[in-house]
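The next block holds one structure in the form of structure tokens; read it before the comments.
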Amino acid sequence: MTRNIYLFSILSAASLFLLSSCAGSENSELPESVANLENLTVFPSDPEPQFSIELTRKQRFGDMGDMIIGRISGVQVDQSGRVFIADDSNKQIIVFDADGHLIELLGREGRGPGEFEYIHNLVLDDNYIYAKDFGLHRVNFFSTETLQYVNTIPLQVEGEPQDELAGYSPSVFWLSTHSDLLVRFSQPFGRAGSDSGDEERYDLFYKITQEGNVKPEQVLREKADFVLVDRTANSVSVFGTPFGAKFKLDTTQDGIVVNRSDQFLFRYYDHNGTYQRAVYYPFSRKHLSRETALQYYNNENYRRAARSSDLPENWPVVQRFMSDDDDRLWISTIIDDEDLYEWWLLDNSGELLARHLLPREQRIETVRNGHVYMRIENEAGAEEIVKFELDFVEIE
């Protein structure tokens, strides 16, 4: 089968030319996992952006009178500018209007309909706001029109894929087509001797309907995140790392975009998991030493696992990414400066539009309606959401 590999060479900020190749020296230096992809577009390693980004602070969301926002675990914004904030400390969704006024509190702590033990993973469409309860393995959803509880979706495995998902647990979810949820199922680790620990582990992705039915067609199968594992005869401890490769996903109007954080590679699929194309930028990764890795852990069990594990030689490239309402990709990259992330903004074709440095503590949560919404710590030490107007200035 002929593979199409497109190499972009930027001549200036306003011009580029396209080379098309099936094989040859152009792709000989690409990682094998990248070079083997169909419909691959390869951009230069140090492209010139077309625009600079200007952010103007407009509105804060956090004023609740005598109440304060606890631990923010998800943020969404609708077309009217209302802001929905998942507060895991208080087990509720806080709703503000576009001017920062508190409108409503959705949910409360508990195990009943519309209640939460843990609230996380907030997702929004035109009709509903969805929030996952990790403790109860279910999703509560509320009407965006009435701001009332509608129903609960159990994330249980029933039907045809039950054997395939035996032993797997639902983790995060995204919105798919027709109000279906795209759910990531992860396999737990066993105790010492129950599995080799050396085999590659994979997460499985299936759609679940609003009635809680798992559709039988598998959407994706992706390598699981890098974790450290401390096994004993009686227990197993698993914990993530800031330096291990992680699988990342977001949905757009056209389908699904995925990334594994150790490469600046983004693969595009339709909503059913059919591969469409890929975009790749060569990226210089920051070196990771074992001494540096050990500095992240005070717990001796964690340190023991870090000392005995095969650690990556370099930090990941991608810290996180998201799509905005114009299907552009916002990607925070890990650079040498430990206080900053460099954000890249790509258009739908993968071409670089802009780069922008932000302090690591200023976390972009979403980009909607021409505004960037960031999680920022205020003067009192509490987290709040701040809206910034987004402007692009053309680079001459």
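The values are calculated or read from the model by the stated rules, or taken from the named source; none is laboratory data. Note that this is a predicted model, so its numbers are computed, not measured. Cβ coordinates were reconstructed from backbone atoms using ideal geometry, including for glycine residues, and neighbour counts include every protein chain displayed.
A compact table of results
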{"item": "In the range 102-117, the residues that are part of a loop (DSSP other than H, G, I, E, B) and either surrounded by fewer than 16 Cβ atoms within 10 Å (Cβ to Cβ) or not assigned by TED's automatic domain parsing to the domain that holds D66 (or both)", "result": "G110, R111, G112, P113, E117"}
{"item": "Matching option when the condition is over 22 Å from the mean Cα position of the chain (by Cα), closer than 28 Å to D325 by Cα and not basic (K, R), among E222, E211, E291", "result": "E211"}
{"item": "Residue match in the range 266-273 (condition: surrounded by fewer than 16 Cβ atoms within 10 Å (Cβ to Cβ), over 20 Å from T366 (Cβ atoms), at pLDDT below 95 and acidic (D, E))", "result": "no"}
{"item": "Selection within the range 193-210 - under 19 Å from L155 (Cβ atoms) and either polar (S, T, N, Q) or modelled with pLDDT under 50 (or both)", "result": "T209, Q210"}
{"item": "Every residue from the range 229-254 that is part of a strand (DSSP E or B) and either closer than 27 Å to N298 by Cβ or not assigned by TED's automatic domain parsing to the domain that holds Y269 (or both)", "result": "V229, D230, R231, V236, S237, V238, F239, G240"}
{"item": "Exclusive hit being in the same structural domain as E104 (by TED's automatic domain parsing), exposed (fewer than 15 other Cβ atoms within 10 Å of the Cβ) and modelled with pLDDT of 90 or more, set E222, E217", "result": "E217"}
{"item": "Contacts under 7 angstrom Cβ, first residue in the range 330-355 being over 22 Å from L40 (Cα atoms), partner in a strand (DSSP E or B) and acidic (D, E), 6 or more apart", "result": "I335/E342; R355/E342"}
{"item": "Close pairs (8 angstrom Cβ cut-off, 6 or more residues apart or separate chains): farther than 20 Å from K248 by Cα in the range 112-129, aromatic (F, W, Y) and buried (at least 18 other Cβ atoms within 10 Å of the Cβ) anywhere", "result": "G114/F142; E117/F134; Y118/F134; Y128/F141; Y128/F142; I129/F84; I129/F141; I129/F142"}
{"item": "S73 being outside the structural domain of R375 (by TED's automatic domain parsing), of a type in the set (G, A, S) and either within 13 Å of I385 (Cα to Cα) or at pLDDT below 95 (or both)", "result": "no"}
{"item": "Test for G135: is it touching an Asp or Glu at 6+ places or on another chain (Cβ under 9 Å), over 24 Å from K215 (Cβ atoms) and without any contact (Cβ under 8 Å) to a residue 24 or more places away in the chain", "result": "yes"}
{"item": "Selection count, the range 255-309, where residues are in contact with a Leu (Cβ under 7 Å, 6 or more places away or on another chain), among the hydrophobic types (A, V, I, L, M, F, W, C) and assigned to a helix (DSSP H, G or I)", "result": "3"}
{"item": "Residue among T252, T292 that is over 30 Å from H178 (Cα atoms) and out of contact with any Gly (no Cβ under 7 Å at 6 or more places or on another chain)", "result": "T292"}
{"item": "Residue within the range 356-376 that is assigned by TED's automatic domain parsing to the domain that holds S284, closer than 27 Å to Y280 by Cα and in contact with a helix residue (DSSP H, G or I) (Cβ under 8 Å, 6 or more places away or on another chain) present", "result": "no"}
{"item": "Tally of residues being out of contact with any Phe, Trp or Tyr (no Cβ under 8 Å at 6 or more places or on another chain), more than 17 Å from Y149 (Cβ to Cβ) and at pLDDT 95 or above across the range 81-96", "result": "1"}
{"item": "Test result for R184, at pLDDT 90 or above, in a strand (DSSP E or B), under 22 Å from the mean Cα position of the chain (by Cα) and over 30 Å from D78 (Cα atoms)", "result": "no"}
